[in-house]
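Before we start, here is the structure in question, set down as structure tokens.
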Amino acid sequence: MKVVKTDLAPKALGPYSQGYIHNGMFYSAGQIPINPKSGEVEATDIAGQTDQVCKNFAAVLEAAGSDFEHVVKTTCFLSDMADFAAFNEVYAKYFSSKPARSCVAVKTLPKDVLVEVELIAIVKE
């Protein structure tokens, strides 16, 4: 297994890695909308937070040798299912290949953010 780490995405908030590569697959930790430059959650609405999560994933996927086109599965966590349509609007701009997905509402997320996403992707050859 190989640990994936980049300074272009937020550092882990706890005892975990940004992701791992194993047998040609990348398994990510959840990404929340922390701006890696400031270390803070700057966006206050679901669209802005989803956009930051996806920007974080662009950096992590690149560090893993993959990209959005090679994502096969995402798991999405929303703090309020009323944000589902607005979340989907931003999500669709990045995940145009339409990977398999689960999306659930949860009571709370780290730092009281509105969204967290994790993914699995194929590492490009």
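The values are calculated or read from the model by the stated rules, or taken from the named source; none is laboratory data. Remember, predicted model here, so these are calculated numbers, not experimental data. Here Cβ is always computed from backbone atoms with ideal geometry, including for glycine, and neighbour counts include all displayed protein chains. Areas reflect the complete protein model, heavy atoms only, side chains present, ligands, DNA and RNA absent. Shrake-Rupley method; radii C 1.70, N 1.55, O 1.52, S 1.80 Å.
Which count do you get for residues in segment 12-49 that are touching a Pro at 6+ places or on another chain (Cβ under 9 Å), part of a strand (DSSP E or B), buried (at least 19 other Cβ atoms within 10 Å of the Cβ) and not hydrophobic (A, V, I, L, M, F, W, C)?
Adding up the residues that qualify gives 1.
Among the residues of segment 66-76, are any over 14 Å from the mean Cα position of the chain (by Cα) and part of a loop (DSSP other than H, G, I, E, B)?
Looking for residues that are over 14 Å from the mean Cα position of the chain (by Cα) and part of a loop (DSSP other than H, G, I, E, B), one finds none in segment 66-76, hence no.
So, one more: Which count do you get for residues in segment 79-125 that are part of a loop (DSSP other than H, G, I, E, B) and open to solvent by 60 Å² or more (accessible area, probe 1.4 Å)?
Adding up the residues that qualify gives 7.
Looking at Glu62, Glu42, which one is modelled with pLDDT of 95 or more and either over 19 Å from Leu8 (Cβ atoms) or touching a helix residue (DSSP H, G or I) at 6+ places or on another chain (Cβ under 9 Å) (or both)? If you could, list the steps in order and put the result at the bottom.
Details: Glu62 fails: either over 19 Å from Leu8 (Cβ atoms) or touching a helix residue (DSSP H, G or I) at 6+ places or on another chain (Cβ under 9 Å) (or both).
Of Glu62, Glu42, the one residue that is modelled with pLDDT of 95 or more and either over 19 Å from Leu8 (Cβ atoms) or touching a helix residue (DSSP H, G or I) at 6+ places or on another chain (Cβ under 9 Å) (or both) is Glu42.
Moving to a separate point now. Could you give every pair whose Cβ atoms fall below 7 Å, whose first residue belongs to segment 7-32 and is under 11 Å from Leu119 (Cβ atoms) and at pLDDT 95 or above, and whose second residue is part of a loop (DSSP other than H, G, I, E, B) and among the polar types (S, T, N, Q), counting only separations of at least 6 or pairs across chains?
Phe26/Ser66; Ser28/Gln18; Ala29/Ser17; Ala29/Gln18
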